[in-house]
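**Q** Structure incoming, see below.
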Amino acid sequence: MIMPLFFGVIASSALILGAVIGVRFELPKRLLAILLAFAAGSLITALAFELFEDAYQRGGIVRAALGLLGGAIVFTILSALLDRWAQPGAQATPADEYQGSAKLDTDAAAADRKATAASTRGAAGMALLAAVTLDGVPENVALGVSLGEGTGGLALLAAIFVSNLPEALVGAASMRSQGRSAGSVIGLWFACAVLLVAAVVVGAGPLSGTDPEAISLPLAFAAGAVIASLADTLMPEAYEHGGPAVAISTAAGFVLAFVLSLA
């Protein structure tokens, strides 16, 4: 269990690192968007070549497709509820209906923007922490399964790390905007990191020897949660504020994770 524990610590350390950066520094808005786009590219590779492909090989296309749709539906519903919690009382209008996720408030972490009401009066940081936990648990369980069966996991590890970093950075900055102390903010993200390390260990231990068809569903579920997270949270924010550079950053993230998937 040493290797799964090590991989889990590496993947989740990005949450703590991002939280430390988020409570102490502000970054250019475009840089934040580029980081989110890079994470999106990495996650595309991981879900296609590790999560969904593995689910398909274990359980067939029907089981994999149903699991993926289930993961996407569950995450989308929960994400919408978290957005409502992040910005209570907000009324959608035709002008702002498609402005992305309220919980990923990159303005709170940007040097060139002011934190929005979602951060200062709402609960954007806590909502983002909850969202990271919701899609992080199945991702990390899948990472553990891959490690437990010796089927790789480097691409998924890289994708989890690079997605955790900017999300924790933005979430911590949002919490800071609410007036929380640096210690309490870092403590919350540390607790999330510990939970996700435990998910890797569970995946590598009790679940790794499970019947292939049975494990196909949680793998596909994780892929669906990742797809929903990309479409609902990461990509809208990245492409709204990053400009043309996010296209190159997304491609770079894809290539890096693909190279690692061949290792």
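**Q** Expressed as a whole percentage, what fraction of the accessible surface of the chain belongs to carbon and sulfur atoms when a 1.4 Å probe is rolled over the protein heavy atoms?
**A** Working: 7740 of 11100 Å².
Taking all protein chains in place, the chain shows 70 percent carbon and sulfur surface.
**Q** If you don't mind, another one. Compute the Cα gyration tensor for the range 33-89, then decide on rounded, prolate or oblate, letting a ≥ b ≥ c be the square roots of its eigenvalues: rounded whenever a/c is under 1.5, prolate when a/b is larger than b/c in the other cases, and oblate in all that remain.
**A** oblate
**Q** Dipole of the chain (Lys/Arg Cβ +1, Asp/Glu Cβ -1, origin at the Cα centre): which of Pro166, Val20, Gly179 lies farthest to the positive side?
**A** Gly179
**Q** Okay, next question. Residue-wise, which Karplus ³J(HN,Hα) couplings in Hz belong to the range 195-210, taking 6.51 cos²θ - 1.76 cosθ + 1.60, θ = phi - 60°, and x for glycine or proline?
**A** Karplus values, whole Hz, x for Gly and Pro: 4, 6, 5, 4, 5, 5, 4, 5, x, 7, x, x, 8, 5, x, 6.
**Q** Related question: For the range 129-260, what does the relative contact order come out to in percent, with C-alpha contacts under 8 Å and a separation of six or more? Show your work: numbers first, answer last.
**A** On the way: 94 pairs, mean separation 57.1, N = 132.
Computed over the range 129-260, the figure is 43 percent.
**Q** I've got another one for you. How high is the FRET efficiency from Glu53 to Leu81, r the C-beta distance, R0 45 Å, rounded to 0.05? Please report the intermediate quantities before stating the final value.
**A** Details: r = 30 Å, r/R0 = 0.68.
Approximately 0.90, to the nearest 0.05.
**Q** For the chain, rounded, prolate or oblate, judged on the Cα gyration tensor with a ≥ b ≥ c (square roots of eigenvalues), a/c < 1.5 rounded, else prolate if a/b > b/c?
**A** Note, shape of the chain comes out prolate.
**Q** Rounded to the nearest 20 Debye, what is the dipole magnitude of the chain about its Cα centre when Lys and Arg each give +1 and Asp and Glu each give -1 at the C-beta?
**A** Rounded to the nearest 20 debye, it is 660 debye.
**Q** What does the extension gain come out to for Leu134 and Ala191, with contour length at 0.36 nm per residue minus their alpha carbon separation?
**A** The span from Leu134 to Ala191 would gain 19.1 nm if fully extended.
**Q** Something else about it: Relative contact order for the chain: what is it in percent, counting Cα pairs under 8 Å that are at least 6 residues apart?
**A** So the answer I get is 44 percent.
**Q** Sticking with this structure for a sec: On full extension of the chain, what length is gained from Phe6 through Ala251, given 0.36 nm per residue of separation minus the C-alpha to C-alpha distance? Present the calculation step by step, with values, prior to reporting the outcome.
**A** Working: separation 245, 0.36 × 245 = 88.20 nm, distance 2.80 nm.
Gain in length upon complete extension: 85.4 nm.
The values are calculated or read from the model by the stated rules, or taken from the named source; none is laboratory data. Owing to the predicted nature of the structure, the values given are computational and were not obtained by experimental measurement. Cβ: placed from backbone, ideal geometry, glycine included. Neighbour counts: every protein chain shown. Areas reflect the complete protein model, heavy atoms only, side chains present, ligands, DNA and RNA absent. Shrake-Rupley method; radii C 1.70, N 1.55, O 1.52, S 1.80 Å.
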